[in-house]
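The structure under discussion appears below in the form of structure tokens.
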Amino acid sequence: MDWKSPKKTNVLSTGTPDLLREAVAQAARLLETGQIVGLPTETVYGLAANALMAKAVARIFEVKGRPTRNPIIVHIGSLEMARQCVATWPELAAKMAAAFWPGPLTLVLPKTALIPDIVTAEGPTVGIRWPSHPVMQAVIQACGFPLAAPSANTSNRISPTTAQHVWEDLGDKIPLILDGGPCQIGIESTVLDLSQSSPRLLRPGMIHAETIAAVIGHLSLDSMPDGEKLRSPGMLKKHYAPKAKLVITRCHDGLELESIIEGFKHTYSNIHVLTFNGTTPYLPADRIGVMPREPLAFARCLYSELHRCDTHGADLILMEAPPETPLWSAIHDRLKRAAA
Ligand code: TXA
Ligand code: MG
């Protein structure tokens, strides 16, 4: 594939048992020696390092240009490994793990001394997650240690959902990316804080607040004071943004869309539209993305579509607003931050 050719980063396929074995072995070798590797998870691609090696984790901050106040999620491959990372394991954590792990849920709990301070941005808690992606699971098993991994993108950009996204953004800066195909979920995990007296949702995700509440009986959704939001930067107002300006619009038909586009044509020269309704004659076909009307499918392709607009040099992305129902809440959360 020619998108892999001009950069130094090696991209390995995992498409057959032999290729998977070789790719996992190479990734584990690099991670053991303190290097960082791009790895697929079911949510988004991660930029992984040995979570127990402060120097390796420092490299993640360097490559992403990530502020050191932003804590990194630790990916584990068993309950036993999870327990080594956290100082407490409340009944609620056991319940959440039984219901949702492996899967797109991160639990925040008090950390043990095993986890270096750089991972948690000097804070007393650590976010842990058992990912379900088979490639990520195989790498953690091969390593035998947990992997610290934020999304594999330059800080403040949208998360990558394919190996190609990682390669385009970080190629030349990292030695290896494993290609595990497009991510099945497509947006980042739900982050649930269990370190306080009552559970708090720090970042909505495709495991919905309602689903969590059904398992635990209740969920406090208190908004956090701004000072505290700094401890969980995923909660900051502007985050996960495409290069182009993103505007969410409500329009009912093609005519209304046309007048909205007309209004923006004075200021923007490369307008792309992401709509539920398909074609509009007012833009070239390659500047229109048709989005699915179902939230799981929408989340799966959202970042890909935003990446595609960026790659095509869009200066404005007009996106038709999704429905305002609970199943769309994590998507609204990401759109709000991307459009801020
Ligand atoms: O789905 C995901 O969670 C992906 C994949 C790779 O696992 N990872 C991811 O990492 O999205 P990142 O670094 O892009 O976002 C992690 C966010 C932080 O910005 C913060 O909001 C929250 O998770 N977080 C992590 N550790 C935390 C902690 N100890 N306390 C509070 N929030 C934490
Ligand atoms: Mg991120």
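The values are calculated or read from the model by the stated rules, or taken from the named source; none is laboratory data. Since the model is a prediction, treat every value here as computed from it, not as a measurement. Cβ: placed from backbone, ideal geometry, glycine included. Neighbour counts: every protein chain shown.
Summary table below
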{"item": "Qualifying positions in the range 125-175 - without any contact (Cβ under 8 Å) to a residue 40 or more places away in the chain and part of a loop (DSSP other than H, G, I, E, B)", "result": "144"}
{"item": "Condition met for residue 190 (among the β-branched types (Val, Ile, Thr), more than 24 Å from residue 58 (Cα to Cα) and at pLDDT 95 or above)", "result": "yes"}
{"item": "Every pair of residues 6+ apart whose Cβ atoms lie under 9 Å, when the first sits in the range 66-85 and is within 18 Å of residue 44 (Cβ to Cβ) and part of a loop (DSSP other than H, G, I, E, B) while the second is among the aromatic types (Phe, Trp, Tyr) and within 12 Å of ligand 1 (Cβ to nearest atom)", "result": "70/61; 72/61; 76/130"}
{"item": "Single match in 181, 227, 217 (criterion: at pLDDT 95 or above, more than 11 Å from ligand 1 (Cβ to nearest atom), out of contact with any Ser or Thr (no Cβ under 7 Å at 6 or more places or on another chain) and not hydrophobic (A, V, I, L, M, F, W, C))", "result": "181"}
{"item": "Where a residue in the range 41-57 is touching a residue at least 24 places away in the same chain (Cβ under 8 Å) and its partner, wherever it lies, is near ligand 2 (Cβ under 10 Å from one of its atoms) and charged (D, E, K, R), with Cβ under 6 Å and at least six apart", "result": "43/188; 44/188"}
{"item": "Selection count where residues are in a helix (DSSP H, G or I) and either buried (at least 18 other Cβ atoms within 10 Å of the Cβ) or within 21 Å of the chain's Cα centre (by Cα) (or both), scope the range 27-53", "result": "4"}
{"item": "In the range 155-166, residue farthest from the chain's Cα centre (by Cα) [restricted to those that are more than 10 Å from ligand 2 (Cβ to nearest atom) and surrounded by fewer than 24 Cβ atoms within 10 Å (Cβ to Cβ)]", "result": "164"}
{"item": "Test: residue in the range 113-123 that is surrounded by fewer than 24 Cβ atoms within 10 Å (Cβ to Cβ), near ligand 1 (Cβ under 9 Å from one of its atoms) and more than 18 Å from the chain's Cα centre (by Cα)", "result": "yes"}
{"item": "Any hit, the range 134-157, residues being within 9 Å of ligand 1 (Cβ to nearest atom), closer than 14 Å to residue 74 by Cα, at pLDDT 95 or above and β-branched (Val, Ile, Thr)", "result": "no"}
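Every residue, every condition in (1) surrounded by 19 or more Cβ atoms within 10 Å (Cβ to Cβ); (2) in contact with a Phe, Trp or Tyr (Cβ under 9 Å, 6 or more places away or on another chain); (3) modelled with pLDDT under 95, yes or no:
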residue: 258; (1), (2), (3): no, yes, yes
residue: 263; (1), (2), (3): no, no, yes
residue: 266; (1), (2), (3): no, no, yes
residue: 279; (1), (2), (3): no, no, yes
residue: 285; (1), (2), (3): no, no, yes
residue: 297; (1), (2), (3): no, no, no
residue: 302; (1), (2), (3): yes, no, no
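Quick grid of which residues meet (1) touching a strand residue (DSSP E or B) at 6+ places or on another chain (Cβ under 7 Å); (2) within 16 Å of ligand 1 (Cβ to nearest atom); (3) of a type in the set (A, V, I, L, M, F, W, C):
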{"position": "21", "(1), (2), (3)": "no, no, no"}
{"position": "30", "(1), (2), (3)": "yes, no, yes"}
{"position": "34", "(1), (2), (3)": "yes, no, no"}
{"position": "44", "(1), (2), (3)": "yes, yes, yes"}
{"position": "48", "(1), (2), (3)": "yes, yes, yes"}
{"position": "56", "(1), (2), (3)": "yes, yes, yes"}
